[in-house]
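Let me begin by presenting the structure, written as structure tokens, before commenting on it.
The values are calculated or read from the model by the stated rules, or taken from the named source; none is laboratory data. The model shown is predicted, which means the values in this text are computed figures rather than measured ones. Cβ sites come from the backbone with ideal geometry, for glycine too, and all protein chains shown count toward neighbours. Keep in mind that these areas ignore ligands, DNA and RNA; they rest on the heavy atoms of the full protein, side chains included. Shrake-Rupley method; radii C 1.70, N 1.55, O 1.52, S 1.80 Å.
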Amino acid sequence: NIFAFHLHPEGSTYRAEMERFASAMPLGVTDMVVGKDGALYFAVGGRESESALYRIVWDNDAANTAAATAPPTKTTKVAATATPGKSSNVSVTSAPSAPALSPSEARELRHKLEAFHIDGAPADMELIWQNLGNSDRFISYAARVALEHQPIDKWRDRALAEPNLDARLNALVAFAHLADRTEQADWVKAVAPVRFADLTVQRKLNVLRVAALGVIRFDPLEQNVRQQLIDAFRPQLPADNPDVNRQLAHLLVRLKAPNIIEPLLVLLEKAATQEESIDLAITMSYIDEGWSLDQRKRLLQWFDKSAHLAGGYSFFGYLSLARERFVGLFNSDERNELAVWVNKPYVEAPVQLKAETRPFVREWKFDELVDLVEKDKGPRHFENGRKMFSAAGCYNCHRVAGSGSAVGPDLTGVGGRFGVRDLLRAVIDPNQTISDQYQQMVFEAGGRVIVGRVTNIAKDKISVNTNMLDPKAEERIPRDEIEKQYPSKVSMMPTGLLNTLSADEILDLLAFLRSGGRPDSDLFAASPQ
């Protein structure tokens with residue numbers, strides 16, 4: 001893809017409107033320039049894929065014709081109002097739309113609200129309230145802060161009864177900031193009955209963050225308040241979204257909810273990414289009761305495996321502290337039963353690629369995989385493709401849609417840059433083309449052969465990282481001992497990654513890669529929220 005970004009005022013601030021200017025599948029753009037003739041020239045190719053030079057010219061007549069026949073531009077509505085009134089606190093309504101504001105009007109509105117950010121200053125409560133659920137988050141934030149500068153007695157009841165969810169959540173944040181512990185029962189009546197399962201992912205996260213804020217601000221919670229929150233959120237675990245699961249786990253552990261250890265362990269053992277598993281393990285290390293011996297063993301076994309995971313310089317220290325906290329909550333009987341783990345020093349182990357142990361299927365060849373893809377009628381399955389990306393160990397080195405490691409290149413946009421044949425060739429034979437960004441160097445020095453990536457060059461020594469999964473694996477080579485140095489012809493990426501996958505699993509994995517980790521891609525039959 002080639003994108004154009006057009007800056008324009010929107011709401012109370014500015015936004016860049018993205019336009020897909022030119023696209024193809026694949027289109028690996030390597031360089032572009034606007035020529036003296038006004039045309040856009042760009043080259044594609046690289047990494048031994050097919051190269052080409054393109055020119056895009058401006059057709060003034062066609063542009064004028066299109067402009068003359070184009071329908072009026074649809075204006076985005078940025079203001080919303082909510083009618084105050086009583087709510088059953090069970091269902092949540094949407095706010096009716098107000099007339100759209102121009103950018104100057106929106107900025108003026110935000111400035112009016114910000115003028116109320118002074119304790120004791122006269123304020124227009126209706127103006128504040130009308131904008132608590134504003135779709136412009138800068139305006140809604142200004143309204144919420146303005147509300148916090150008004151006496152809570154003026155708006156307490158209205159906040160608890162607000163029927164619009166977005167406005168209610170903002171009002172409940174202000175309520176949690178200002179109310180004292182004696183008002184937690186009223187607060188929970190406005191939070192707990194929300195129909196959580198019917199919400200979008202983003203609104204679920206918003207509800208969970210408001211609930212977490214109240215748990216912190218009203219601490220310690222009364223037993224009946226704690227139970228209402230547990231009753232509301234415990235049935236939602238596990239959710240379909242890992243971010244929602246993460247927030248649910250944090251909240252339920254803080255609430256000391258019963259019967260959450262097993263579902264959290266299942267999520268831990270099935271986690272697709274290293275980030276997900278680490279967060280779950282650290283969260284579980286705070287649970288001080290309700291464990292069976294078998295469950296204790298399972299988390300200890302995860303910590304043993306985690307000693308091989310890749311991370312930064314402080315990475316293992318955080319894992320060690322979490323394990324120490326977990327073991328510190330054992331009673332004497334548990335310590336005796338689990339002595340083989342408790343008494344064993346927890347030490348950092350050599351980094352290993354984390355890949356699921358799977359039976360050998362077959363040694364897939366390039367041509368048969370190309371044939372497999374070309375005959376596939378689809379659609380594919382997103383979640384299984386994501387699981388296969390994890391099962392093959394790809395998350396150890398690569399990121400997709402924000403998850404994974406930065407050891408190798410980010411693969412989020414790889415589907416737009418490479419065709420299926422190029423993708424398959426890169427997986428089947430990673431040594432064929434090695435990017436200079438990730439190519440290792442071979443040093444013959446002092447009778448040794450050292451392979452790695454140069455991390456620093458000093459006057460008398462060269463520092464070489466010999467294991468990209470471990471930043472501490474470093475060799476310092478005296479420069480006067482170096483006899484030869486040359487680029488390695490062996491990729492850091494292992495071969496045979498697809499040999500434990502079935503045909504359908506490979507097709508799902510390729511669809512996951514080509515989609516850039518987007519479940520709403522046309523490549524998939526059904527997409528989770």
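Starting from the residue with the highest accessible area, list Val442, Val420 in decreasing order, probe 1.4 Å.
Details: Val442 15, Val420 35 Å².
Reading off the accessible areas and sorting them downward yields Val420, Val442.
Provide Trp129, Trp291, Trp58 ordered by accessible surface of protein heavy atoms (probe 1.4 Å), highest first.
Order by accessible area, largest first: Trp58, Trp291, Trp129.
What FRET efficiency would be calculated for the residue pair Gln202, Leu372, taking the C-beta separation as r and a Förster radius of 51 Å, to the nearest 0.05?
Between Gln202 and Leu372 the formula returns 0.85.
At R0 = 30 Å, how high is the FRET efficiency between Ala39 and Leu7 if r is their beta carbon distance? Nearest 0.05 is fine.
FRET efficiency, Ala39 to Leu7: 0.80.
In straight Cα distance, which lysines are under 29 Å from Lys461, not counting same-chain residues fewer than 8 positions off?
Answer for Lys461, where 29 Å is the Cα cut-off: Lys472, Lys484, Lys489, listed by chain and number.
Would you work out what percent of the accessible area of the chain, with all protein chains in place, is carbon or sulfur (probe 1.4 Å)?
It is 51 percent, rounded to a whole number.
With unit charges on the beta carbons (Lys and Arg positive, Asp and Glu negative) and the dipole taken about the Cα centre of the chain, which residue among Met32, Ile56, Leu369 sits farthest to the positive side?
Leu369
Mind checking which aspartates and glutamates have their Cα closer than 18 Å to the Cα of Lys154? Skip sequence neighbours fewer than 8 apart in that chain.
Reachable aspartates and glutamates: Asp119, Asp124, Glu126, Glu162, Asp180, Glu183, Asp186.
Taking amide hydrogens as modeled 1.01 Å from N in the peptide plane, which residues meet the under 5 Å criterion relative to Thr455, leaving out close sequence neighbours?
Those lying under 5 Å, H to H, from Thr455 are Ser463, Val464, Asn465.
Search the structure for amide H atoms under 5 Å from the amide H of Leu101, placed 1.01 Å from N in the peptide plane, and list their residues when 5 or more places away or on another chain.
Amide H neighbours of Leu101, under 5 Å, 5+ apart: Val78, Ala79.
Counting only heavy atoms of protein chains, what accessible area per residue, in Å², does the chain have with a probe of 1.4 Å? The partial results should precede the final answer.
Values: 28860 Å² over 529 residues.
Heavy-atom accessible area per residue stands at 55 Å².
Roughly what would the spin-label model give for Asp243 and Leu127, points 7 Å off Cα along C-beta, in nm?
Between Asp243 and Leu127, the simple spin-label model gives 3.3 nm.
Can you give me the long-range amide H partners of Ala401? Hydrogens built in the peptide plane at 1.01 Å from N, cutoff under 5 Å, separation of 5 or more residues or another chain.
Placed amide hydrogens put Thr412 under 5 Å from Ala401.
DSSP loop (so not H, G, I, E, B), at most 12 other Cβ within 10 Å: list which trypsin sites (Lys or Arg not before Pro) in the stretch 149-226 pass both filters.
In loop regions of the stretch 149-226 (DSSP not H, G, I, E or B), the sparsely surrounded trypsin sites (Lys or Arg not before Pro) are Arg195.
Suppose the chain between Tyr318 and Ser104 were pulled fully straight at 0.36 nm per residue; how much longer would it get relative to their current alpha carbon spacing?
72.2 nm
Could you check the simple spin-label distance between Glu222 and Asp460, using points 7 Å along Cα→Cβ, in nm with one decimal?
According to this spin-label approximation, the distance is 7.3 nm.
Quick one: compute the contact order of the stretch 437-482, relative version, from alpha carbon pairs under 8 angstrom and 6+ residues apart, as a percent.
30 percent
For the pair Lys297 and Ser332, what calculated FRET efficiency results from E = 1/(1 + (r/R0)^6), where r is the Cβ-Cβ distance and R0 = 30 Å, to the nearest 0.05?
The pair Ser332/Lys297 has a calculated efficiency of 0.95.
For the chain, build the charge dipole from Cβ charges (+1 Lys, Arg; -1 Asp, Glu) around the Cα centre, then report which of Gly517, Ala146, Ala232 sits farthest towards its positive end.
Going by the charge dipole, the pick is Ala232.
Using only the C-alpha atoms of the chain, find the volume of their convex hull and express it per residue in Å³.
Looking at the chain, the number lands at 237 Å³ per residue.
Among Phe382, Leu329, Ile260, which residue has its Cα furthest toward the positive end of the charge dipole of the chain, with +1 on Lys/Arg Cβ and -1 on Asp/Glu Cβ?
Selected residue: Leu329.
Once you have a ≥ b ≥ c as the square roots of the Cα gyration tensor eigenvalues for the stretch 380-529, tell me rounded if a/c is under 1.5, and otherwise prolate or oblate according to whether a/b is larger than b/c.
prolate
How would Lys305, Lys377 rank on accessible area, largest to smallest, probe 1.4 Å?
My answer, sorted largest first, is Lys377, Lys305.
If you take the Cα Rg of the stretch 109-153 and divide it by 2.2 N^0.38 Å, with N the number of residues, what do you get?
Ratio of Cα Rg to 2.2 N^0.38 Å: 0.99.
With respect to the cross-link table entries Lys270/Lys387; Lys305/Lys344; Lys270/Lys305; Lys256/Lys297, which display a Cα-Cα separation exceeding 19 Å?
Among Lys270/Lys387; Lys305/Lys344; Lys270/Lys305; Lys256/Lys297, the Cα-Cα distance tops 19 Å for Lys256/Lys297.
With +1 on each Lys and Arg Cβ and -1 on each Asp and Glu Cβ, and nothing else charged, work out how big the dipole of the chain is about its Cα centre, in Debye to the nearest 20. Spell out each step's value before the answer.
Details: 62 positive and 69 negative charges, 73 e Å.
Around 340 debye, computed over the chain.
Would you calculate, for the chain, the mean residue ellipticity at 222 nm contributed by helices, counting each DSSP H stretch of 4 or more residues as -39,500 (n - 2.57) and dividing by all residues, to the nearest 500?
Using -39500 (n - 2.57) per qualifying helix, the result is -12000 deg cm²/dmol.
Summing +1 for each Lys or Arg and -1 for each Asp or Glu, what net charge is found among the other residues whose Cβ lies under 11 Å from the Cβ of Val327?
+3
Which value, in debye to the nearest 20, describes the size of the charge dipole of the stretch 279-407 about its Cα centre when Lys and Arg Cβ atoms bear +1, Asp and Glu Cβ atoms bear -1, and nothing else is charged?
It works out to roughly 180 debye.
Considering only DSSP states other than H, G, I, E and B, which GluC sites (Glu not before Pro) in the stretch 264-319 qualify as loop sites with at most 16 other Cβ atoms within 10 Å?
Glu289
Using protein chains only and a probe of 1.4 angstrom, how many square angstrom of Val451 are accessible, to the nearest 10?
50 Å²
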